[in-house]
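Asker: I have a structure here, written as structure tokens, and I will follow up with some questions on it.
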Amino acid sequence: MGNCHTVGPNEALVVSGGCCGSDQKTYVVGGWAWAWWLISDIQRITLEIMTLQPKCEDVETAEGVAITVTGVAQVKVMTDNDLLAYACEQFLGKSVQEIKSVVLQTLEGHLRAILGTLTVEQIYQDRDKFATLVREVAAPDVCRMGIEILSFTIKDVYDKVEYLSSLGKTQTAAVQRDADIGVAEAERDAGIREAECKKEMMDVKFLADTKMADSKRELEMQKASFNQEVNTKKAEAQLAYELQAAKEQQKIRLEEIEIEVVQRKKQITIEEKEIDRTEKELIATVKRPAEAEAYKMQQIAEGQKIKKVLTAQAEAEKIRCIGEAEANSIEAVGKAEAEKMRLKAEAYQQYGDAAKTALVLEALPKIAGKVAAPLAKTNEIVILSGEGNRVTGEVTRLLAELPVSVNALTGVDLTKMPLLQKMTGVAAV
């Protein structure tokens, strides 16, 4: 069992398979076809016109100018059985959008390739020719896919560097220029015609003057020719003279330069010798004396240093010797004094009171001398007394006060000595 399938003129029906396992495909456009259940495969492909808008952005032309071109193409699947078979082989089962995408990429590739072979002027000024070229180049490829290019036109051409606008300005300027030239040529023609009329009117009047002027001109031309020849010869002679003078001046200048070079070399040699002499003079007059003076000052400083060291050592030795001598002297004096005191102490112990009395008597003259020292300046002493025994009483009183004074001065109590006790007692009686 099977079904009858119909299609309109905008679709193609593809029936695959049949009875007895046949792989034959049947293509039906705007009609009907019988298909067996579970055996035949029914598919459809659109035959409607598909509008494509190919666009190539920033494509470099033959001159290297990057432009963007947009176009509009009308394509459709061809209905010829062989070509329809190619289309079904390529696009059967694909959506219209997928078919458009494949054909669009093919057109854009050819468009991009052709843009690289043309100049901007060729593309911009003859868009129809450019579109025809694209269609002719792309048609074989899309035809092998069963697609026919019905039309292809260039929609827009533009760039990002204002190259096309510059071309438009150039064209506008050219048109304006041609208009101005046309106006000028018309005015020129009018002026020429007017001048011709005036010329015809004035020809008779100026005929004689023209002949006279021609004769005068020929005369002036002859004079000018002669003057030109004379001036030429003069100029040639002057140029020859200046050229020869320049050559001689150049030779003189070369000689002067050589002389200056020799003088400069000699001057450099003299300056080098003067530098050597000045250097040796400075060494002899400044450096050597300075070194000698420095050596002298160094030796003097070393001598002063050694002198001070030796003087300090001698002074230290002197002080040490003096200190040792003084120490020895003090030690000897101390020993002598100690020996003296020891002997006195031993004598005092041996002799007892007699020795002490001897010491007192030995010290009395000294005490008396000290007491009488203020009286040494006194010429005389007058004792006034009305009594005859007044002097005796004063003497007795002095003798009585003497032990007290000795005890205060020496620490020796004379009142405890037997001899003085006896003397004091006699005096008291």
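Asker: Residue-wise, which Karplus ³J(HN,Hα) couplings in Hz belong to region 329-334, taking 6.51 cos²θ - 1.76 cosθ + 1.60, θ = phi - 60°, and x for glycine or proline?
Answerer: Taking θ as phi minus 60°, the curve returns 4, 4, 4, 5, 4, x Hz for region 329-334.
Asker: Around Leu118, which amide H atoms from residues at least 5 apart in sequence, or from another chain, sit under 5 Å from its own amide H, with H modelled in the peptide plane?
Answerer: Answer set, sorted by chain and number: Ala62.
Asker: Under a crude label model (7 Å from the Cα following the beta-carbon direction), how far is Glu324 from Ala301 in nanometres?
Answerer: Going from the Glu324 label point to the Ala301 one covers 3.7 nm.
Asker: Further question: Lys76's amide H: which non-local residues (gap 5+, or another chain) put their own amide H closer than 5 Å, with H modeled 1.01 Å from N in plane and none for Pro or chain starts?
Answerer: Long-range HN contacts for Lys76: Met50, Glu148, Leu150.
Asker: Going by a ≥ b ≥ c, the root eigenvalues of the Cα gyration tensor, does region 60-207 fall in the rounded group (a/c under 1.5), the prolate group (a/b larger than b/c) or the oblate group?
Answerer: Here region 60-207 falls in the prolate category.
Asker: Can I ask one more? Please compute, for the alpha-carbon atoms of region 54-134, the extent along each of the three principal axes and give them in descending order in Å.
Answerer: Here the spans come out as 43, 21, 17 Å, largest first.
Asker: Would you mind classifying region 145-285 by shape? Square roots of the alpha carbon gyration tensor eigenvalues, ordered a ≥ b ≥ c; an a/c under 1.5 is rounded, otherwise it is prolate if a/b is larger than b/c and oblate if not.
Answerer: On the way: a/c = 5.09, a/b = 1.45, b/c = 3.50.
Oblate.
Asker: Can you give me the P(r) profile for region 252-312? Cα pairs, bins 5 angstrom wide beginning at 0, each as a whole percent.
Answerer: 5, 14, 10, 10, 8, 9, 7, 7, 6, 6, 4, 4, 3, 3, 2, 1, 1, 0
Asker: Follow-up question, since we're still on this one. Could you give the distance between the Cα centres of region 83-160 and region 178-213, to the whole Å?
Answerer: With region 83-160 and region 178-213 each reduced to a Cα centre, they are spaced 62 Å.
Asker: Kindly state, to the nearest 0.05, the FRET efficiency for Gln105 paired with Glu136, given R0 = 30 Å and r defined as their beta-carbon distance.
Answerer: On the way: r = 19 Å, r/R0 = 0.62.
E(calc), rounded to 0.05, equals 0.95.
Asker: Karplus couplings for region 293-298 from phi (6.51 cos²θ - 1.76 cosθ + 1.60, θ = phi - 60°), rounded to Hz, Gly and Pro as x?
Answerer: Each residue's phi maps through the Karplus curve to give 4, 5, 5, 4, 4, 5 Hz.
Asker: Please compare each pair in Lys76/Lys155; Lys280/Lys305; Lys251/Lys273; Lys55/Lys129; Lys100/Lys129 to a cut-off of 27 Å on the Cα-Cα distance and tell me which ones are over it. Show your work: numbers first, answer last.
Answerer: Details: Lys76/Lys155 20 Å; Lys280/Lys305 35 Å; Lys251/Lys273 33 Å; Lys55/Lys129 18 Å; Lys100/Lys129 24 Å.
As for pairs spanning more than 27 Å Cα to Cα, those are Lys280/Lys305; Lys251/Lys273.
Asker: What distance in nm lies between label points placed 7 Å from Cα along the C-beta direction at Leu239 and Thr285?
Answerer: 6.6 nm
Asker: Hey, can you grab everything whose amide H is under 5 Å from the amide H of Leu47? Only 5+ residues off in sequence or another chain; H modelled, so Pro and N-termini drop out.
Answerer: Those lying under 5 Å, H to H, from Leu47 are Glu11, Ala12.
Asker: Using the Karplus curve 6.51 cos²θ - 1.76 cosθ + 1.60 with θ = phi - 60°, what ³J(HN,Hα) values do you get for each residue of region 335-346, in whole Hz, with x for Gly and Pro?
Answerer: Running phi through 6.51 cos²θ - 1.76 cosθ + 1.60 with θ = phi - 60° gives 5, 5, 5, 5, 5, 4, 5, 5, 5, 4, 4, 5 Hz.
Asker: Take the solvent-accessible surface of the protein heavy atoms, probe 1.4 Å, and return the percent of it on region 190-299 that carbon and sulfur atoms account for. Present the calculation step by step, with values, prior to reporting the outcome.
Answerer: Details: 6050 of 10130 Å².
Roughly 60 percent, rounded to a whole number.
The values are calculated or read from the model by the stated rules, or taken from the named source; none is laboratory data. Because the structure is predicted, anything quoted here is derived from the model rather than measured. In this analysis, Cβ positions are derived from the backbone assuming ideal geometry, glycine residues included, and neighbour counts consider all displayed protein chains. Accessible surface is based on the protein model in full, side chains and every heavy atom, while ligands, DNA and RNA are left aside. Shrake-Rupley method; radii C 1.70, N 1.55, O 1.52, S 1.80 Å.
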